[in-house]
Structure formats: C-alpha cells, structure tokens
Amino acid sequence: MQLFFQTVVGGLSLGAIYALVALGFSLVYRTMGLVNFAHAGVVMVGAHVATTFYLFAKLPFAIAMAVAIGVTAAIGLVIERVLRPLENKDFDLMLIGTIGFGTVLEALAILRWGATGTAVPSPVRTAPLDLFGVRVRTYDLVVLGVAALATVLLVWFLHSTKRGAAMQAVAMDHEAATAVGIHVGRSNAIAFAIGAGLAALAGGLVGPLLYVSPAMGGSLGIKGFAGAIMGGFGSIPGAILGGLAIGVLDSFAAGHFQGYSELVTFLVFTVIIMVRPTGVFGERTVSRA
Amino acid sequence: MKLRLSLLAVVGIALWFLPYGLGPYAIHVVDIAIIFALLAVGLGLAMGVAGQINLAQVAFFGVSAYAVAILTARAGFGFWTAAVLAMVATLATGMVVGIPALRMQSHYLGIVTLGLALAFTNWVTNAELSGGAEGLGGIPVPPMFGIDLFSEYLYYYLELIVFAIALGFGMFVVRTRIGRRMRAMRDDALAAGAVGVEIPRLRMLAFAIASVYGGLAGVLYAGLIRYVAPETFSLANMFLLLAMVIIGGRQSLLGCVVGAVGLTLVREALVEFATYAQLAFGAVVVLMVVFAPTGLAGIPARVRRRFSRGQSALARAQLQPFAPSDVGDSRPESLAEPPPDLVASDLVASDLVASDLVASDLVASDLVAQRTSVARTGAEQAEAAARMILEVAKVTMRFRGLTALDGVSLAVREGEIRGIVGPNGSGKTTLFNIVSGLYRATAGKVAFDGEVVSRKRPYELSLLGVARTFQNLRLFATMTVRENVLVALDRSRTAWAWRYPLWPVGVWRGDAWLRAEADRLLAAYGLSEFADVLPSALPYGIQRRVEIARAMAGRPRLLLLDEPAAGLNADEVEQLATIVRAIRASGVTVVVIEHNMGLVMSLCEQITVLASGRVIAEGTPAQVVADTAVIEAYLGDARMLEAMT
Amino acid sequence: MTDLVVEGLSVHYGAVRAVNNINFRVPAGHAVGIIGANGAGKTSTLRALMGLVPRSSGRVSLGGKDLTGVPARHMVRHGVGYVPEGRHVFPGLSVEKNLLLGAYTRKWRTQTSEPLAEVFELFPVLAEMRGRLAGALSGGQQQMLAIGRALMSRPRLMLLDEPSMGLSPKLIADIARVLARLRSEGIGLLLVEQNAKLTFEVAGGCLVMENGEVAMEGASEQLRHDPRVRKVYLGM
C-alpha cells in the first residue's frame, strides 16, 4: 500500500512537468489549431538555457528560469511568424514545418552545448519530507507548486484580461474576432510565445529531476503531448489531468517494467486514444469551417 | 513515349555500369542510398499519395531488419527464409499501425505512429532477444545463385533490381485505380467517400504498402551491413526520411527517390559536420513547407504554370453542347463486349448485388439495365413510379444546442425530379448531408429503396446507388477532369486490390476499360477537350458540370444536387436543366436544392419547402408559390404578395 | 457627413464573379437595404466592404475617408460595426465578455461601462443573461447579442447580414424595432436581408440584387408594390 502511494507521489512531480508541457501544446492547439512538434525542442532549449545561467552564470534558479522563458518565448514568436502563411490552410504541412523546426533546435543545441548532457543539482537542499510514511522530496513540492502557480496565472490571464479574452475569441471564431478589431496573427503569436514559455518552465524545472541533454526533448515532448491528447486536446484542465496521469502511469510502468516503461506507457496511451479519441474532456479547437 | 523509353534505357545502362567507376566507400554509400530510396518511396506512397501521416516508417524498417537478425543469428534460419518471415512480420506490423488510421487523422495519427515507433525503439533497446543497446550481429551473408553476396558491388545489383521492381510497382499503383483512389482520398476524403472510395480500408492499405517497402529496405539493410543496432531506427533517421520526402516532393515517387539519394549523398559529404547537416536539413524542410510544398519535384510544374499562356484560353473556354442522347444510355457503344477473359466468372446478373464488383460487372449491369429499360411496359412503369426510392422519417439533427432539422419527413418517388427550397439556414444542406451519410441524424430514419440506411457511411451509400454534388464544389484538386471521373467510375471494392501483386495484367486491362468508359462519359457531357486539365484552371460553370459528370459516373439511382445553379449564367442554367432532365430520363431520381426559383419552378414536379428546420409546404410549383406559409418565409409577409399583384 | 460611398465594387472567388461592379450610397444616419435571393451576392458585398474577402475592384469611402486599403481589423476603428450572417457570437464566452470584446479597441476599464449600460437598456434580456455562456442562448438572443456587440464600439455605420435568419416573426418584429431606434439615433444602417418585409420597414431605400448585380433600386415605398421584386424571389 505504501509502495502504491510512493509510486503515485513519485509520478506526480514528473507528471507536473508533463502537465506544463501539455499545457503549452494545448494552448497553441486551441488557439491556432496547430500541433506543434517543435514544442519538445523548445522544452529542451529552455532546459539548456536555464541550466547554463544557473550553473555557469551562477544566477539564482528563479532568474535563470525567467531568462529561459524569455528566450523560448522569442523562439516561439519566430516559429509562428515563419509558419503564418500556412495558418488555417494546410495543417499537415504546418505539422511537418514544426518537425523541421524541432530538428533545427536540436541541432543548434548540440552545436552550442554539445551532445553529452549535464546533470543539474537540485536547487533546494533540504532533506526530504516524510508524509504519512511516504517520502516526498522538497524539490518535487517546488515543482508542483510552480506548476500550480503557472496554471493559475494562465487561467487568470485567459479569463480576466483583455488579451486573454481576445485569444479565446480568436480560437472560437477568428473572423468575428477580426471584425471586432483583434489582430489574429498577433494574438496567435502571443499564444505561441506563452506556449513556448511554459515549455521553458517545464524544461528548466525538469533539469534537477532528469538529465539535461539535447535528446531529452523527445521523451518529454511525446509524453506531454500524450497527456494533452488524453485529457482532451485544447482543454486546460484536461492538459493538467492528462499530464499528471501520464506521470503516474509512467511511474508505475517504470516500477514494474523498468526499461520497457515507455513501451507500456505508449501502448496504454494508444488504447485509450483509440477508445475515446477526443480524450477525457473532449477536443476543443479553432472552428475550421 | 519513345523519348521516355530511350531515356529509361540510357538511365538503365548508366546505373548498370555505375559500380565500375566507384571505389569501395562510394559503393557502400550508394548501397545505403538505395535502401533509403526504398524507404522514401514507401513513405511517399503513404504520406504523399494517400495523405496519411506515417511517422512509423522507420519502425517498419527496424522490425524487418531486426526480424532478419533475430531469425538468423538467434534462431538459425537461413537468410532468405528469415527474409520472407521478416516481410510477413513487417506487413503485420503495418496493418497494426494502420488500425489507428481508421479512427483518426492528421495530428492524432502523427502522434500515435510516432509513439509506436518510439515504443519499438524502446523495446529493442531493452530486450535481450534483440541484443539490447548494442544491437545484434552475426547475420549471415545472403547467398544468391550459389554466390555469397559478400561484395558490396554484387550487392548493388541485387538492390538495384529489387529497387527497380519496387519503384515500378509503386508507379504502377499510383497510375491505376488504387493510386487514383488514394490521391482522391488525400485531396478530399469527404468527396472520395461520396463517390464510393472505402476510406478506412484504403487507409489501412496505404500503411500496408508503406510497411512492405519498409520491410524490403530492412531485409536489404540486414544483408548489407549484417549488424543491427537501435540507433539506425531512431527518431533522428525518421526525421531524415521525412526531410527526404518533403524536399524531394512527397507527391511524386521520383521526387522521393531524388530526395533520398540527394540527402544521403549530402549527409555523407557532410559526415564531419553531421550536426550542421542536421541543421541544414531542418531549415530546408521549413523553407520548403512554406515556399515549395510540392518539393523539388513540383518545381517544373510551378515554372510551367508561371509561364503558361494557355491559362487565359481556358478561362474563356465554352462548354460544348450537351448531348442528351448519350448520357443515360447504359450501353457502352465504344466497347461492345468486355475483354474476353473477364467474361466467364463474373457475368451473372446476380453479381449486380454482389460485394465484389469487377470491371466486367459493369458490363453485366449495363446489359441488365438495357434489358429492363427495354422491357418496361406501362404497367411496370406505373409500378416503378409508385415506389418510394427515398424516405426520410422524422429526422432531427441537433448540433450542440442548435436544432438544424426538426422532425423532417419526406418521401421521393422513383423517377421524380424533386426540388428542396427554403430560406437561408433552413436546413437543406443538412438534410442532404444526412441522406448521403456525412452526418448521422440525432433522431429519425432514412430509407433508400426500402432499406434503412441511417447509419451507413458515405461510401456505403455510394455503392448502394446514391450520388451527390456539393454546394461548394468538391472536385479533386490535384487530379485532372478525367481522373476525377475515373475515380467515380471505379465501382470495385478495395479487396479487388489483390490483383495488383498477383494479376497486374488484370489491373492494366481494367484500367484500359475504365479509360474508355471515362472518355465516353466525358464526350456525352461535352467535356472531352478538358479531360487532361486540372479543375482549378476551368471556369466555374465547367467545373460544376464536371462534378455532375463525376456523380453520374457511379451510375447512381438517386442523384442529390446541392445548389447546382449557383454561380451559373442564364445559358448555363438552361443547359443544366437539359442535363437534369436527361439524367432523369435515363432512370435516375433527382433531388435538387436550389435558390434559383425560376429553375426550380420549371424543372421540378414536386417541391418541398423547408424553413427553420421544418417542412412548411409540399406540392407542385404552382401550389407552393401560392402557399401563404412559403411566402411569409421568403418575403416576410403574405400580404406583400397581394400588394405586388 | 459620414456617408458610405461604394463605387465599382466587384468580388471574385477564383473564377466565379460574385459581385459585379455595383455602386450605391448610404447617407449618414439613413438605413439602406440590400435584398435578393440567395446567391445574389448580398453577403459577398457586405464582406467585401468589411475587408473579409478581397475586392477585385472598387472604392469604398466613409465620411469622405478612403477605406479601400484598410484591413478588416481596422474597420471597427473607423466606426464600422459588423453583425455577421449567422450571428457568430463567441460561444464559450459569457454574454458580458462577448459584449466587452465588441469594445476591444477601447480601454476596458474606463470606456466600456457606458456602452454596456446602453446595450443592456436596449436589450434587457441580455442584462438578465449577462453571466451565461453565449453558446447557450437561443437564436434570437444570440442575434441581439451580436447586434449589441457591434454597438459597443459606438459605430457610425452598422453592417447587418441577414439578422432575421432563422427567427420567428415576433423576434423579427423586435429586431425591426431595435433597428428603427438605432436609425433614429443617427447610426447609419446597411441591411442585407432575404426578408423583404423587414427591410422595407426599416430601410428607406433598397437595392435588389440578382446574380451579382443591382437589378433594381429605389424607395422602399415603391419597391414594396413592384411585381418584379416578387419575380426575383419566387420565380414567377
């Protein structure tokens, strides 16, 4: 029983990371209908930038993260601008375009930081806590806390600000949005930038949990993506739930199947998706009519 | 044609003598290039031709190579036995990967195929059977005609022959009915379903074909390198493959080959700067996607279009007069008898209803129809006239709180021309979409010729004899007028495809027969001079007629026309009326949604009026026009009518 | 004088000519109607004015200012309010949020409370449902919301595309009343409609479009008795 809870708790912090990745995916999807395969690359770049500023420039962890978010947001803007001509026209081509960008990001990362990775020590040096017999690392709590805060901020932005409302409006009806004066392209760019920022947050936070290397984006990206889809692509609560669920599922798979954990996670994901393609909360997206 | 053959001969000779000029490293690179070319062709067939996102191609490659490795190194099978078993395993994998394609497309399919590819990599990296992260060696040298193919020079010839056959087969598929159907599905899956393409099976077939190419590549790779390791089948190589196909031109198999060979050579040249090469590939893919989506292979066509003067001539093209006597005539005059070897097994009248309609069955149905049309006496005609070919019973359609149709019922008699009219937003197209299977009604039933068809998919309805045109014209944009018609003419089921590997002559003959039929149909509709033109180059009125010809190519019994007169001038509307009347005279029931009231009044015998999702009137044109409810729906007030007389 | 002047407007969709060289004018504070059967080009005209579809030719000016090159999202800044065909409210947002978005080009904190109050006064039912999701509203309520949303930017000219579509006669009468009131407040109206009765009541002058061209035009009083209008609609 205790092992069960331990596994669940162990899966939650990585799950929170996946949830952040999933949030980024879902946000871009619900506003632009774009599935961004470069997202994983952005996560990876975010992780590297944060690590560089944290370990080598010796900046406080939080500042390093902020810098990383700024850099990836800029990358997000570039990607959106380049692919803008394809928006609302050919989704398959846009998908492939983002794959191309992902490849470019990975290559740039290898050129700048080398192919071998870095281990990142945890920024929080206190001993793990003991809650009802379950061991919880302090850093895990930090991750969960930051992820929760980011989600709250995102939801506040979408529901309580003019730009946030505009972003939602564009997702629902981009023509009506244009008619009331909203610049659809710019709104999409901001959505992209926020999505990229969330990716950087995820990447930066995951450093102390996993190993930071140019190859890390693949696994994180895929699992975040799977979480987003399972929760219902385009849904904010769905992304959170899906990400956490994948994290916990992964944790159990790792416990029982060790190296095969990815295989198991994937098979489970495929089955769930086949049974209910729109995910738990259903897919919400731009009206493509 | 002669030019092509001589070009082919020159290329063939050059390729045959290529190894003589190359050193051992170079021939190794060439051998690798051919393997990637095979993979690229397979990927191109699935993604470029059939429009299926297939990020598992590298996994097919891996399954095959690893299967050969495991079966030879671990289980002790001979190379070729292992190769055959590996192909079977790969094909099975392809079918499994194709299952998600039945339910999802685009990004979902992308993530699932990618996931399955990753799962494969994960498995081989961990399993003992596959040698773990280090891989598996010890694959025996493949023997051929007593010689061990140890030399990479000799291996080149093996690869060349396999590749030539595979590429030839691929091009054969693309140019015949399966390829046409795949292209139609890629261009517009909705319209393809409406003309009878069995979309789910075709998607599965696309993955199966891609996996066969992956399998061949895997076998050749295992025989060449004789060592398999997880890195070769990684995501990185999947993206490289993707780059090859995108840069070369995914819709053209030759483009895929050029992309594969080109990128392999570039990668080898830049092997010192592998990361820069990766950067370059990624950047080029992005640029291609935005600026040249048809890849390198598409450039000649774009250049041609830029400089073409023929555009304006086409834009002013006139429709030839429509020849009413031919369109409904079910006797193929140009082909009095079917090709002899197809007659025996299939020419039975009962085959009309059988599931496997072969080209010859078309002739059978022609003869039967000929017999029935001749034999129809007055009594039989009266009986036929009383039969309801389409019955809609209390159909309701709700979309998220909006009720588009509310308890709509109507019945159309066989042989009628029925008009469906109503103000904007009254639910007319929704009704068509339900009848043709695009939507599933929230409540109510639809029956076609007595059979309940409410839950049937568009292609099933097409095969039963329902055809339609679309309000916004859905022609297959990358296919010529003739090809559009050919897709619809082909009434065979996907299972017919077994003839491709086992009886290609039958495929060829069937295609010749289809082409003759297509030409006849195009001539009847006055479209012969546009047969080889893309729809986008034609004036709107001609495109509309093409869509009608395509719908009729499937020999339907019920034709649904959705606003066929929209955008036509007065002359074209006249011709449209003539066409519709001739179509009805050939025994097809026609239901027309229209706003052009003049056309509706003169053409239709009965009119059903919809407003706000309900039937508000039904009757002859004269009755309907005098109906106060109708006038109110349109003009807003019945009293206005009096004020206007 | 904020007259709308349209000269030589043509719209092509690829090879199809949807609108062919039409000219008309909406005098400031007046209401003009465009009626005709479906496919006549009415909606295309309105969308071309808004810049939502490209104009293949023509000049548009409002109050003397040339709007020909102005992109769609700037039209609202020039005082044009647009009520699209089929309402197009933002279904997942509340009624109030929808209205606020109508005033997107203004500062929400300081410049929206007055227009909001005015819209609620015009459409009391919207005030009752201000917290409901727009997608849950009935067709008539959504139509009011769409009109209200366009009013939030205090336009000088409103373009309305088939506001009566799918509505019951009573609701259509309500809409007519609202439009008449807007007209009396000096807001210009360009009303595209299939419902001739509504148009004749609200608009002083009308154009009748057929096949992308202006087949007839004149004062509503005269057109209302003209048998040719009936032919355009009913074909006989």
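Within segment B:268-278, count every residue that is within 13 Å of another protein chain (Cβ to nearest Cβ), in a helix (DSSP H, G or I) and not polar (S, T, N, Q).
Within segment B:268-278, residues that are within 13 Å of another protein chain (Cβ to nearest Cβ), in a helix (DSSP H, G or I) and not polar (S, T, N, Q) number 4.
If we only count helices (runs of 4 or more DSSP H) wholly inside segment B:425-542, which ones have 1 or more residues that are closer than 30 Å to B:ASP406 by Cα, touching a residue at least 24 places away in the same chain (Cβ under 8 Å) and not hydrophobic (A, V, I, L, M, F, W, C)?
So the answer is B:428-435, B:458-464.
Whether any residue in segment A:166-174 is under 15 Å from the mean Cα position of the chain (by Cα) and on the phi < 0 side of the Ramachandran plot is what I want to check.
no
Given the condition over 23 Å from C:GLY79 (Cβ atoms) and surrounded by 24 or more Cβ atoms within 10 Å (Cβ to Cβ), answer yes or no: does some residue in segment C:170-178 qualify?
No: segment C:170-178 contains no residue that is over 23 Å from C:GLY79 (Cβ atoms) and surrounded by 24 or more Cβ atoms within 10 Å (Cβ to Cβ).
In segment A:130-167, which residues are more than 18 Å from A:ILE240 (Cβ to Cβ) and in a helix (DSSP H, G or I)?
Matches in segment A:130-167: A:THR138, A:TYR139, A:SER160, A:LYS162, A:ARG163, A:ALA165, A:ALA166, A:MET167.
Which one is nearest to C:ASP226 (Cα to Cα), of the residues in segment C:180-211 that are away from chain B (no Cβ under 14 Å) and among the aliphatic types (A, V, I, L, M)?
If we take residues in segment C:180-211 being away from chain B (no Cβ under 14 Å) and among the aliphatic types (A, V, I, L, M), then C:LEU207 is nearest to C:ASP226 (Cα to Cα).
Given the residues B:GLY223, B:GLY218, which is the only one that is within 29 Å of the chain's Cα centre (by Cα) and away from every other protein chain (no Cβ under 13 Å)?
Only one candidate qualifies: B:GLY218.
For segment C:1-44, which residues satisfy the criterion of being touching a Phe, Trp or Tyr at 6+ places or on another chain (Cβ under 9 Å) and among the polar types (S, T, N, Q)?
C:SER44
List every residue pair whose Cβ atoms lie under 6 Å apart, where the two residues are 6 or more positions apart in sequence or sit on different chains, the first residue falls within segment C:87-98 and is crowded, with 24+ Cβ neighbours inside 10 Å, and the second residue, located anywhere, is among the β-branched types (Val, Ile, Thr).
Filtered contacts from segment C:87-98: C:ASN98/C:VAL89.
Consider segment C:123-150. How many of its residues are among the hydrophobic types (A, V, I, L, M, F, W, C), in a helix (DSSP H, G or I) and buried (at least 17 other Cβ atoms within 10 Å of the Cβ)?
Summing the residues that are among the hydrophobic types (A, V, I, L, M, F, W, C), in a helix (DSSP H, G or I) and buried (at least 17 other Cβ atoms within 10 Å of the Cβ) in segment C:123-150 gives 7.
Looking at B:LEU45, B:LEU22, B:LEU15, B:LEU7, can you tell me which residue is surrounded by 13 or more Cβ atoms within 10 Å (Cβ to Cβ) and without any contact (Cβ under 8 Å) to a residue 12 or more places away in the chain?
From the options B:LEU45, B:LEU22, B:LEU15, B:LEU7, the qualifying one is B:LEU22.
Within segment C:6-92, considering only strands (runs of 3 or more DSSP E) that don't extend past its boundaries, which have at least 3 residues that are more than 9 Å from every other protein chain (Cβ to nearest Cβ)?
Hits in segment C:6-92: C:16-26, C:31-35, C:57-62.
Looking at A:VAL71, A:VAL78, A:VAL42, A:VAL28, which is the one that is β-branched (Val, Ile, Thr), in contact with an Asp or Glu (Cβ under 9 Å, 6 or more places away or on another chain) and on the phi < 0 side of the Ramachandran plot?
A:VAL28
Out of all the residues in segment B:547-565, is one or more within 10 Å of chain C (Cβ to nearest Cβ), over 23 Å from B:ILE434 (Cβ atoms) and either in contact with an Asp or Glu (Cβ under 9 Å, 6 or more places away or on another chain) or among the aromatic types (Phe, Trp, Tyr) (or both)?
No, the conditions are met nowhere in segment B:547-565.
Going through segment A:175-205 one residue at a time, which ones are facing chain C (nearest Cβ under 10 Å) and in a helix (DSSP H, G or I)?
Hits for segment A:175-205 are A:GLU175, A:ALA176, A:ALA177, A:THR178, A:ALA179, A:VAL184, A:GLY185, A:ARG186.
Return the residue satisfying two criteria in turn: it lies in segment B:86-104 and is under 19 Å from the mean Cα position of the chain (by Cα) and hydrophobic (A, V, I, L, M, F, W, C), and of such residues it is modelled with the highest pLDDT.
B:MET95
Of the conditions (1) among the aromatic types (Phe, Trp, Tyr); (2) closer than 30 Å to A:VAL28 by Cβ; (3) surrounded by fewer than 20 Cβ atoms within 10 Å (Cβ to Cβ), B:TYR153 satisfies every one except a single condition; which number is it?
(2)
Applying the selection to segment B:279-307, what residues are farther than 24 Å from B:ASP31 by Cα, surrounded by fewer than 22 Cβ atoms within 10 Å (Cβ to Cβ) and within 13 Å of chain A (Cβ to nearest Cβ)?
Selection gives B:LEU279, B:ALA283, B:VAL284, B:LEU287, B:VAL290, B:PHE291, B:ALA292, B:PRO293, B:THR294, B:GLY298.
Quick check, is A:ALA202 in contact with a strand residue (DSSP E or B) (Cβ under 6 Å, 6 or more places away or on another chain) and crowded, with 24+ Cβ neighbours inside 10 Å?
In short, no.
Would you please name the residue that is farthest from the other protein chains (Cβ to nearest Cβ), looking only at residues in segment A:89-129 that are of a type in the set (Lys, Arg) and assigned to a loop (DSSP other than H, G, I, E, B)?
If we take residues in segment A:89-129 being of a type in the set (Lys, Arg) and assigned to a loop (DSSP other than H, G, I, E, B), then A:ARG125 is farthest from the other protein chains (Cβ to nearest Cβ).
For B:VAL592, work out the one condition from (1) within 8 Å of chain C (Cβ to nearest Cβ); (2) over 23 Å from C:PRO163 (Cβ atoms) it doesn't fulfil.
(1)
Which of the following residues is touching a Ser or Thr at 6+ places or on another chain (Cβ under 8 Å) and not β-branched (Val, Ile, Thr): C:GLY81, C:GLY64?
Of the residues listed, the single one that is touching a Ser or Thr at 6+ places or on another chain (Cβ under 8 Å) and not β-branched (Val, Ile, Thr) is C:GLY81.
Does segment C:113-120 contain any residue that is crowded, with 17+ Cβ neighbours inside 10 Å, modelled with pLDDT under 90 and either of a type in the set (Val, Ile, Thr) or not assigned by TED's automatic domain parsing to the domain that holds C:GLY51 (or both)?
Taking every residue of segment C:113-120 in turn, none turns out to be crowded, with 17+ Cβ neighbours inside 10 Å, modelled with pLDDT under 90 and either of a type in the set (Val, Ile, Thr) or not assigned by TED's automatic domain parsing to the domain that holds C:GLY51 (or both).
Taking segment A:104-117, which residues are free of Cβ contacts under 8 Å to residues at least 24 places away in the same chain and either under 17 Å from B:THR294 (Cα atoms) or buried (at least 22 other Cβ atoms within 10 Å of the Cβ) (or both)?
A:ALA107
Show the residue pairs that are 6+ apart or on different chains and have beta-carbon atoms under 6 Å apart, the first residue being within segment A:215-238 and more than 10 Å from chain B (Cβ to nearest Cβ), the second being of a type in the set (Phe, Trp, Tyr) and in a helix (DSSP H, G or I).
A:GLY224/A:TYR18; A:GLY227/A:TYR18; A:GLY234/A:TYR29
Condition first: within 9 Å of chain A (Cβ to nearest Cβ) and farther than 20 Å from C:LEU160 by Cα. Now tell me which residues in segment C:93-104 satisfy that.
The answer is C:LEU93, C:LYS97.
If B:GLN105 satisfies all but one of (1) more than 14 Å from chain A (Cβ to nearest Cβ); (2) surrounded by fewer than 20 Cβ atoms within 10 Å (Cβ to Cβ), what's the number of the condition it fails?
Condition (1) is where B:GLN105 drops out.
The values are calculated or read from the model by the stated rules, or taken from the named source; none is laboratory data. Computed from a predicted model, the values in this text were never measured in an experiment. Cβ: placed from backbone, ideal geometry, glycine included. Neighbour counts: every protein chain shown.
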